[in-house]
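What follows is a single structure, written as structure tokens, with notes after it.
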Amino acid sequence: MKKILILIIGFYFILLLQNSFFPFFSVIGTIPNFIFILVILINLFERPQAKLGLLSSAVGGLFLDIYSILPIGIYLVILIFMSFLIKIVFKKYFEFQINPLV
Amino acid sequence: MIILALAVILIVVNITGFSKKIKNFFYSVSAPIQKIFWHTGNNVSTFFETILEIRNLKQKTDDLEVENQRLLSEIAKLKELSEENAELREALQVGLQKEYNLSFAAIIGKDTSQEFIVIDKGSDNGITEKMTVITSQKILIGRVVEVYENFSRVQLISNTKSSFDVKIQDKDITGLLKGEGNQRVLLDLVPTDKEISEGDIVMTSELGGIFPAGILIGKVSSVRKSDTKPFQQANLNIFFKLKESDKVFIIVSLK
């Protein structure tokens with residue numbers, strides 16, 4: 001529960017920074033989508049059976065949807081799909097156990 | 001089953017317009033924080049730009065001294081003209097407030113897709129879609145594409161979906177301005193027999209009816225001409241710099 005709360009608050013502030021602070025530090029006119037990067041990293045470095053990656057996809061996707069012009073659900077579906085994809089690829093091709101961080 | 005339920009919820013939320021209420025709620029809650037971030041970002045970036053500039057300062061000082069001399073002589077000339085201008089201005093009642101009914105707003109953020117900005121005025125303040133957004137110097141920013149109760153989203157002219165008619169100041173040349181993303185725009189569909197040159201000022205035209213006529217857009221930076229094509233193109237340096245502005249005007253109606 002604590003992790004979820006941290007995730008929601010953390011993602012919320014990262015998104016606000018991304019929209020209102022980092023536009024001043026753009027490289028060639030663009031800034032990276034930090035929520036996207038963070039969700040991928042969580043999914044890559046968590047235990048295969050853990051659910052935090054999926055949850056971060058849902059929370060991150062929802063926030064991205066709320067603060068974008070797209071209809072609510074687009075980023076949500078993309079991120080959840082990506083989360084599943086990473087898990088499937090890991091299950092199929094990586095048998096070895098790396099030291100999970102999360 | 002869960003996926004199906006989720007899909008149904010999302011579709012209902014988007015179709016009924018409830019998504020607008022959700023977005024408005026989140027914007028209202030986060031607006032004060034976003035304003036602080038926007039100002040801090042502005043200050044921090046200015047600070048770093050100043051540090052980076054120090055290396056070039058010597059060269060710049062020399063250049064400026066030369067320019068200063070030239071400008072001093074020009075000032076004398078302009079002073080006379082400005083007195084005359086002030087009288088004429090008063091006589092003609094030129095000025096933004098005289099031409100348009102304006103609403104004032106602050107930028108609170110950029111959209112995640114980067115080619116939109118969010119401003120802190122919405123339908124409660126009389127803002128509707130398709131309204132034109134400009135700076136105090138009468139420079140075109142873009143137009144309102146989505147309105148919430150207390151916020152609006154403005155599509156920048158550099159957005160790839162943006163295209164509208166423009167004309168070149170003091171010349172009888174019209175063309176189509178297309179957004180290319182990353183604060184870049186392209187002037188297209190200018191007949192090859194028309195002469196455009198670097199430094200020409202581009203402004204909105206009454207054709208097309210998207211923006212009011214006579215609003216400044218940018219300067220021609222390079223011209224692309226080809227004998228095989230019926231039209232020539234030009235790249236523009238747009239006057240609107242997101243990093244330098246946090247206040248905007250929305251043209252509510254023409255006077």
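None of the figures in this text is laboratory data; all of them are computed from the coordinates on show. Computed from a prediction, not measured in an experiment: that's the story for all the values here. Because the Cβ atoms are built from the backbone with ideal geometry, glycine has one as well, and the counts that use them run over all protein chains shown.
Taking amide H as placed 1.01 Å from N in the peptide plane, the amide H of B:Tyr100 sits under 5 Å from that of B:Lys255, each at least 5 places away or on another chain. By the rule of a C-alpha distance below 24 Å, with chain neighbours fewer than 8 residues away ignored, the lysines paired with B:Lys229 are B:Lys161, B:Lys167, B:Lys171, B:Lys178, B:Lys194, B:Lys219. Take the alpha carbon gyration tensor of region B:210-255, find the square roots of its eigenvalues, order them as a ≥ b ≥ c, and report rounded if a/c is under 1.5; if not, report prolate when a/b exceeds b/c, else oblate. It comes out oblate by the Cα gyration axes. Against the main long axis of the alpha-carbon atoms of chain B, helix B:18-53 sits at an angle near 30°. Charging the Cβ of each Asp and Glu at -1 and of each Lys and Arg at +1, and nothing else, the dipole of chain A about its Cα centre rounds to 320 debye. The amide H of B:Lys110, built 1.01 Å from its N in the peptide plane, has A:Ser20, B:Val118 as neighbours under 5 Å, considering only residues 5 or more places off or on other chains. For chain B, a crude dipole built from +1 on the beta carbon of Lys and Arg and -1 on the beta carbon of Asp and Glu, taken about the Cα centre, is about 880 debye to the nearest 20. Taken over the Cα atoms of chain A, the convex hull encloses 116 Å³ per residue. Working note: 222 nm ellipticity from helices only, DSSP H runs with n ≥ 4, each -39,500 (n - 2.57), summed and divided by the residues of chain B, gives -12500 deg cm²/dmol to the nearest 500.
For chain B, the Stokes-Einstein estimate of translational diffusion at 10 °C and a viscosity of 1.306 mPa s comes to 75 µm²/s, using the Kirkwood hydrodynamic radius over alpha-carbon pairs. Shape analysis of region B:163-239 based on the Cα gyration tensor places the equivalent ellipsoid semi-axes at 18, 14, 12 Å, largest first. Compared with the direct C-alpha span, the chain from B:Phe104 to B:Ser73 gains 7.4 nm at full extension, assuming 0.36 nm per residue.
In this label model, B:Ser82 and B:Phe48 are separated by 3.6 nm, measuring between points 7 Å along each Cα→Cβ vector. Using the alpha carbons alone, the radius of gyration of the protein assembly as shown stands to its Kirkwood radius in an Rg to Rh ratio of 1.05.
Hydrodynamic estimate: the Kirkwood radius of region B:2-51 over Cα pairs, inserted into Stokes-Einstein at 10 °C and 1.306 mPa s, corresponds to D of 116 µm²/s.
Partner lysines whose Cα lies under 24 Å from the Cα of A:Lys51, excluding those fewer than 8 positions away in the same chain, are identified as A:Lys2, A:Lys3, A:Lys87, A:Lys91, A:Lys92. Averaging the sequence gap over all C-alpha pairs within less than 8 Å and six or more residues apart, then dividing by the number of residues, gives chain B a relative contact order of 17 percent. Ordering B:Ser221, B:Ser103, A:Leu54 by the projection of their Cα atoms onto the charge dipole of the protein assembly as shown, which places +1 on the Cβ of Lys and Arg and -1 on the Cβ of Asp and Glu, puts A:Leu54 at the extreme positive end.
Between B:Glu129 and B:Leu64, full extension at 0.36 nm per residue minus the direct alpha carbon distance yields a gain of 18.9 nm. Amide H contacts for B:Phe164 (H built 1.01 Å from N in the peptide plane; partners 5 or more residues away or on another chain; cut-off under 5 Å): B:Leu177. Just to confirm the number: angle between the C-alpha axis of helix A:52-66 and the first principal axis of chain A, 0 to 90 degrees, nearest 10? On a 0 to 90 degree scale, this one is about 20.
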